[in-house]
Amino acid sequence: MTVTSSSPLAFIGGGNMASAIIGGLLKQGLPATLIDVVEPYAPQRDKLRAQFPGVTVLEAAGAELARAALVVWAVKPQTFKDAALACAAHTAGALHLSVAAGIRSDSMAAWLGTDRIVRAMPNTPALVGQGMTGLYARPGASAADRAQVEAVVATTGAHVWLRQESDLDTVTALSGSGPAYVFYFLEAMREAGLQMGLDAATAQTLAIGTFVGASALAQASDEPPEVLRERVTSKGGTTYAALTSMETAGVKAAFVAAMHAAQQRAKALGDEFGG
């Protein structure tokens, strides 16, 4: 599935996630002249124009948006309502794809005057084409609409469809915020390497390479992570010592609790800014 060369798109918000999607679409062959971006922040507008020649970058929503077959919402949750109300008169006939955390599709439908809405929760590896995105479509989104969304999201990595919208809060906690957890562990591994005598560059290279390799092994294997872990954990050995230390410190329980906190915050964002 590819994005059709005749389908204009509009992006509301031109930050990192929008840039990742735009970059992927252009690499796939979508003409830059079919893309409009509304970005109120002047330095970011300048950056977008320099990064994506031919893309139309606008300071505010206007009649130009009426040509868009698909509108991608890449704004912060606290600004979504005002942005939606400003755009609604121009985008009622479009399919809408939101990558904003927390904001529920019922609120979007009320603000935008349409039921053709798909919510997405991507993550930052989309910037290098290795993203993971959770998707939920409202009943008003047709099979063709879902296929169009898949074509757009495929430019940034993999995706999964969810049966119920509330699962997006869990996706936010697991994979949406997940890269930060990986970076957090990479920080800790680098710090440990420094404390044990390695230089920072060597420690970081070893840590990143370990995450990349272990993730590739998990992806290629039919076995669950606990089995893969057990295979490198000989009782009384070095890995056993490390894991026993983490279990004693309650690392796994704290990690699970942290993701519950992220899930609850995602839900709270919808409660706070969805009215």
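Brief remarks on what is shown
- Residue in segment 86-98 that is surrounded by fewer than 23 Cβ atoms within 10 Å (Cβ to Cβ) and under 20 Å from the mean Cα position of the chain (by Cα) present: no
- Exactly one residue out of 39, 64 is surrounded by fewer than 17 Cβ atoms within 10 Å (Cβ to Cβ), farther than 23 Å from residue 160 by Cβ and charged (D, E, K, R), and it is 64.
- Residues in segment 154-166 that are at pLDDT 95 or above and under 22 Å from residue 258 (Cα atoms): 165 alone.
- Single residue of 146, 190 found to be within 19 Å of residue 96 (Cα to Cα) and basic (Lys, Arg): 146
- Screening residue 79 against (1) within 24 Å of residue 156 (Cα to Cα); (2) among the polar types (S, T, N, Q); (3) surrounded by fewer than 22 Cβ atoms within 10 Å (Cβ to Cβ) leaves a single unmet condition, (1).
- Segment 44-60 residues that are free of Cβ contacts under 8 Å to residues at least 60 places away in the same chain, paired with ones that are loosely packed, with under 11 Cβ neighbours inside 10 Å and part of a helix (DSSP H, G or I) (beta carbon under 9 Å, 6 or more apart): 54/33; 55/33; 56/33; 59/42
- The conditions of being among the aromatic types (Phe, Trp, Tyr) and over 21 Å from the mean Cα position of the chain (by Cα) are not met by residue 184.
The values are calculated or read from the model by the stated rules, or taken from the named source; none is laboratory data. Model, not experiment: these values are computed from the prediction. Positions of Cβ are generated from backbone atoms using ideal geometry, with glycine treated the same way; all protein chains shown enter the neighbour counts.
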